Protein chains: 2
Amino acid sequence: MKEGPDIARIGTLIGDPARANMLTALMGGQALTATELAQAAGVTLQTASSHLSKLEDGSLVSQRKQGRHRYFALADAATGSLLEAIMGFAASRGHLRHRPGPRDPALRKARICYDHLAGDYGVRMLDSLMQRGTIVSEGDDLTLTEKGRLDLREIGIDLEPLSSSRRPICKSCLDWSERRSHLAGTLGKALLSRFLDEGWARRSDDSRAIRFTKAGESQFLALFPLE
Amino acid sequence: MKEGPDIARIGTLIGDPARANMLTALMGGQALTATELAQAAGVTLQTASSHLSKLEDGSLVSQRKQGRHRYFALADAATGSLLEAIMGFAASRGHLRHRPGPRDPALRKARICYDHLAGDYGVRMLDSLMQRGTIVSEGDDLTLTEKGRLDLREIGIDLEPLSSSRRPICKSCLDWSERRSHLAGTLGKALLSRFLDEGWARRSDDSRAIRFTKAGESQFLALFPLE
DNA sequence: TTCATACTTCGACGGTAGCCGAAGCATCTG
DNA sequence: CAGATGCTTCGGCTACCGTCGAAGTATGAA
């Protein structure tokens, strides 16, 4: 009965621990194979396969065949944002899977959120870009200014390929650890790729943490000052 | 295993149809008794009671004893926002509980979102307030300007009681039908109460729809012009 | 073609969670 | 106090969903 969106369906999909683990693993932004996701979830391949088809039916993940592998990824950036929002909510209610472990501080400092930088550093970056006038906000929407285009060109970001897709260049994404916004969208993605390409930071293999090198950290802080 | 927030717990809580119905009913913003929620969910009182204690354990709803009644409400505005976000996501994937029925257009036009106005009219109101310079946005945060304080005083909104609580005066909330932001926070709440008090609009008994009277509608449109 | 790898489908099992009837508290009314 | 109302707790039933072993399909390698 009742009208309106079926939130129970989404809840059920996210509510199973194995599926939640898979989705969390996919928040890393990389496409993963069914086997990898089975490991991440701690279930057998058959079980994982069943979960993945449910997630696909629900449009939470998408699938890409490549040779004899099947790569799964989050369906889109909106899915990542929703998961991040739920994480923030869960954290605010103290629903943690474990007591905050040693890796937790690293996650709070810098982590990957689907395909862009999140955590303290992610929030700082957006704050800095807004202070400098590179980006301005109108409601929820973030817009790249004319001056901003020049700023980015100086840094060496090519904006051409960023505006080609339907996805917005700038988008705000709520950060679960900081409870403030960081930068998503194609620009957020491009900036993170840049940091990784330059060797300023590395993603860790077993978690979503992004670890900056000492040199990379000072470069980053210099590039995105505050005040 | 794994670190981080337990999204599966939130998912499970929202994932049961009976609980989802209760939460949707509570999105109306009114506190409801266990009996009313049992009806809304289509289960017996015993079952509802069990669901409600789970929701309370999970900090999704809060309880208030009053005489021999127990009133339940969403735990806070953040809970309402999360549910609205999930509704938007579900709708975007076409996960609807029913084909859009006759009440659907009314819901899209104006409805209550926890305690403030949502839908086409809610979005219009925030747009208008921002065009007029009453409210400006900084990232996700909305701020009331000095000029805005005067604007509101003219309309007859008393800002004193709004700033007393810890809850922000202005907050943006993502609208699932419009996919844009509308105004939440204590000001959003106060404005809606105002419309209801003035008799411009009435809430319907059986859904979240807000129905404007003919006179109220023109008052509203005049008060919040666009362009 | 034959074998290996990656994954899906089928079938059966088991645990859990939702469900309700009945009984037990708590609170208001008379 | 007795009776009514609102809600919770208990106990038992049932159905569903997650789980895995085994078998089946698809792709690539030898």
Problem - When residues of the range A:43-72 are limited to those that are within 11 Å of chain B (Cβ to nearest Cβ) and crowded, with 16+ Cβ neighbours inside 10 Å, the one nearest to DNA strand D (Cβ to nearest atom) - result: A:58
Handout entry: Odd one out for residue A:87, checked against (1) in a helix (DSSP H, G or I); (2) out of contact with any Gly (no Cβ under 8 Å at 6 or more places or on another chain); (3) not assigned by TED's automatic domain parsing to the domain that holds residue A:202
Key = (2)
Completion exercise
If you go through A:20, A:75, A:40, the only one that is surrounded by fewer than 20 Cβ atoms within 10 Å (Cβ to Cβ) and more than 10 Å from DNA strand C (Cβ to nearest atom) is A:75
Handout entry: Check on residue A:30, farther than 21 Å from residue B:94 by Cα, away from every other protein chain (no Cβ under 12 Å) and either free of Cβ contacts under 8 Å to residues at least 24 places away in the same chain or within 8 Å of DNA strand D (Cβ to nearest atom) (or both)
Key = no
Problem - Among (1) in contact with a strand residue (DSSP E or B) (Cβ under 9 Å, 6 or more places away or on another chain); (2) within 16 Å of DNA strand C (Cβ to nearest atom); (3) farther than 30 Å from residue A:25 by Cβ, the one test that residue B:48 misses - result: (1)
Handout entry: Meets criteria (within 11 Å of DNA strand C (Cβ to nearest atom), assigned to a helix (DSSP H, G or I) and polar (S, T, N, Q)) for residue A:63
Key = no
Practice task
Taking residue A:20 as the residue in question, decide whether it is at pLDDT 90 or above, touching a helix residue (DSSP H, G or I) at 6+ places or on another chain (Cβ under 6 Å), among the small types (Gly, Ala, Ser) and in a helix (DSSP H, G or I).
Solution key: yes
Completion exercise
Just one listed residue, out of B:87, B:125, is within 14 Å of chain A (Cβ to nearest Cβ), away from DNA strand D (no atom under 12 Å from the Cβ) and within 29 Å of residue B:222 (Cβ to Cβ), and it is B:125
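The values are calculated or read from the model by the stated rules, or taken from the named source; none is laboratory data. Values in this document were obtained by computation on a predicted structure and should not be read as measured data. Positions of Cβ are generated from backbone atoms using ideal geometry, with glycine treated the same way; all protein chains shown enter the neighbour counts.
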